[in-house]
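Colleague: Please find one structure pasted underneath; my questions will follow.
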Amino acid sequence: MIRTLKVLSLLLAYPTEEIRAAAPSFAAVLDEEGLLPEGRRGALRRLATQLGERGLYDLEERYVLLFDRTRSLSLHLFEHVHGESRDRGQAMVELKDLYAANGLEMPANELPDYLPLFLEFLSTRPLGEAREYLGDIVHIVTVLRERLGRRKSIYAEVFAAIETLAGVRPDRQDVEELLERPDDDPNDLAAIDRVWEEEPVTFGGPGPDASASCGPDRVAAQIRAGRRPPPDPGNATRGAERGS
């Protein structure tokens, strides 16, 4: 197991008492594995300290304001590349099948593109393979880091660590295209309600040829596909208005 990725997964997960209890051990895990430079590990230690020492209510409130009430900071990867398009449902199916094929059982209440879950999956893969997957999402990771940095949030350090592990720089045009989309204000409740007044994404079981189409290359293609603007300018405008 790549324990550094497991720690990053827990740092980005919704705060719980279990995570608070485990947080003091995160620094030792990062130091022992040594996949990140000291500067990155130091920043993550500060977040782990906060998770271990601050009250659970305060931690939950901060998390919700950032990631649950701010769609532009969503931790669901396909939100940023597929929005509410029908492609997102198929991408979900293929990612779920990839997890199942490699022995990862998903929580019943979670979507497969939830970044902490994706990092947990990568923690079970060989390091080279994990880095390839991180390279496929690095443009999304960079956007989230920059948006969190504008808010002076310590969570930006987790995304900086993911970038470091990926070992590649994103195409800046891909990053700029995502940054052009509206950045939500978590205190504008009326705007948030309008943004989320859309039907939830649903996805079913695999079709008869799903096993043939599922795999690392296919999932990576689903993530990369979202970098390209849709061919219909009207659809692009509507997507930007939704802040997807």
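Colleague: Confirm whether I162 is within 30 Å of Q50 (Cα to Cα), modelled with pLDDT of 95 or more, of a type in the set (V, I, T) and buried (at least 18 other Cβ atoms within 10 Å of the Cβ).
Modeller: yes
Colleague: What single numbered condition from (1) in a helix (DSSP H, G or I); (2) on the phi > 0 side of the Ramachandran plot; (3) not aliphatic (A, V, I, L, M) fails to hold for K152?
Modeller: Result: K152 passes all but (1).
Colleague: From A48, A23, A13, A27, grab the single residue that is surrounded by 16 or more Cβ atoms within 10 Å (Cβ to Cβ), touching a Gly at 6+ places or on another chain (Cβ under 8 Å) and modelled with pLDDT of 95 or more.
Modeller: On the way: A48 fails: touching a Gly at 6+ places or on another chain (Cβ under 8 Å); A13 fails: touching a Gly at 6+ places or on another chain (Cβ under 8 Å); A27 fails: touching a Gly at 6+ places or on another chain (Cβ under 8 Å).
On inspection, the qualifying residue turns out to be A23.
Colleague: Could you tell me which numbered condition G103 fails, if it satisfies all but one of (1) under 19 Å from R3 (Cα atoms); (2) in contact (Cβ under 8 Å) with a residue 24 or more places away in the chain?
Modeller: The one condition G103 does not meet is (2).
Colleague: Considering R88, R41, which residue is among the basic types (K, R) and under 26 Å from L179 (Cβ atoms)? Give the derivation first.
Modeller: On the way: R41 fails: under 26 Å from L179 (Cβ atoms).
Exactly one of R88, R41 is among the basic types (K, R) and under 26 Å from L179 (Cβ atoms), namely R88.
Colleague: Then there is this: Taking region 71-87 only, how many residues are surrounded by fewer than 22 Cβ atoms within 10 Å (Cβ to Cβ) and at pLDDT below 85?
Modeller: Here the count works out to 4.
Colleague: Here is a further query. Suppose we filter Y14, Y63 for residues that are touching a Pro at 6+ places or on another chain (Cβ under 8 Å), aromatic (F, W, Y) and in contact (Cβ under 8 Å) with a residue 12 or more places away in the chain; which single one remains? It would help to see each step written out before you state the result.
Modeller: Values: Y14 fails: touching a Pro at 6+ places or on another chain (Cβ under 8 Å).
Among Y14, Y63, only Y63 is touching a Pro at 6+ places or on another chain (Cβ under 8 Å), aromatic (F, W, Y) and in contact (Cβ under 8 Å) with a residue 12 or more places away in the chain.
Colleague: With respect to the numbered conditions (1) under 19 Å from E163 (Cα atoms); (2) over 18 Å from the mean Cα position of the chain (by Cα); (3) of a type in the set (A, V, I, L, M, F, W, C), which one is the sole condition not fulfilled by L5?
Modeller: It is condition (2) that L5 fails.
Colleague: State which residue is farthest from the chain's Cα centre (by Cα) when the search covers only region 106-123 and only residues that are in contact (Cβ under 8 Å) with a residue 24 or more places away in the chain and assigned to a loop (DSSP other than H, G, I, E, B).
Modeller: S123
The values are calculated or read from the model by the stated rules, or taken from the named source; none is laboratory data. The structure presented is a predicted model; accordingly, all values stated were derived computationally and were not measured. No Cβ is skipped: glycine too gets one built from the backbone with ideal geometry, and neighbour counts run over all protein chains shown.
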